[in-house]
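Below: one structure, written as structure tokens.
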Amino acid sequence: MEQHGQIHTEVTLSPSEQKVAELMAKTRYESNRSKNIPNQKKGPQSEYETDLEGSASELAAAKALNVWPDLADCIQAHDLVYNGVTIDVKTTKYRTGRLIAALNKKDKPCDYYMLLVGESPTYDIKGFAKREDLLCEETVTDLGWGRLHALAQDKLVPLSDFIKEFQNG
């Protein structure tokens, strides 16, 4: 990911990684629907597409941070753990999309929320937000799919700064 001191924010999944993402999405979709767990998608896409993009973006984030993704099919508050901090990976296909989180995320918050923009197999890491910067009253809005927390990309911590913070302790 690093070349000449710059950290590249674009991540492309290999064909094998794409297959893993498809299997993750299928397993999660079937498991969650069999348990009557509703999909909390925000947008017009299908439930399966939401699960597929979620799984693929989690793999891309794990690849960028050089950590293992959580391959469990159960619901958890976080998607990744990086040097002791929990991360919830969010994705959108919209280039100017915001980092969003459901209002109920306050009940099971992660330490950080990470925004990836793109569609499988290629994503651009837009940045990170601390829990308290995203899950606050000032970020509550309605983007057309109900009330939620939303933070613009220019308010996010870049990947390079996030990595520096946790590598140096």
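Every number in this text was worked out from the coordinates using simple rules, so none of it is lab data. Keep in mind that this is a model prediction, so the values were computed, not measured. All Cβ positions, glycine included, derive from the backbone under ideal geometry; neighbour counts span all protein chains shown.
The table below gives the values:
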| read-out | value |
| --- | --- |
| Gained length - residue 165 relative to residue 26, 0.36 nm times residue gap less alpha-carbon distance | 46.5 nm |
| Estimated 222 nm signal from helices in the chain, with DSSP H stretches of n ≥ 4 weighted -39500 (n - 2.57), rounded to 500 | -10000 deg cm²/dmol |
| Surface/4 of the Cα convex hull for region 9-167, nm² | 8.7 |
| For region 62-104, alpha-carbon Rg relative to the globular expectation (2.2 N^0.38 Å, N residues) | 1.30 |
| Burial order of peptide ranges 78-87, 49-58 (average beta-carbon count within 10 Å, highest first) | 49-58, 78-87 |
| Region 9-167, relative contact order [Cα under 8 Å, separation at least 6], % | 22 |
| Candidate lysines for bridging to residue 126, where Cα separation is under 27 Å - those fewer than 8 sequence places away on the same chain excluded | 19, 26, 41, 42, 63, 90, 93, 105, 106, 108, 155, 164 |
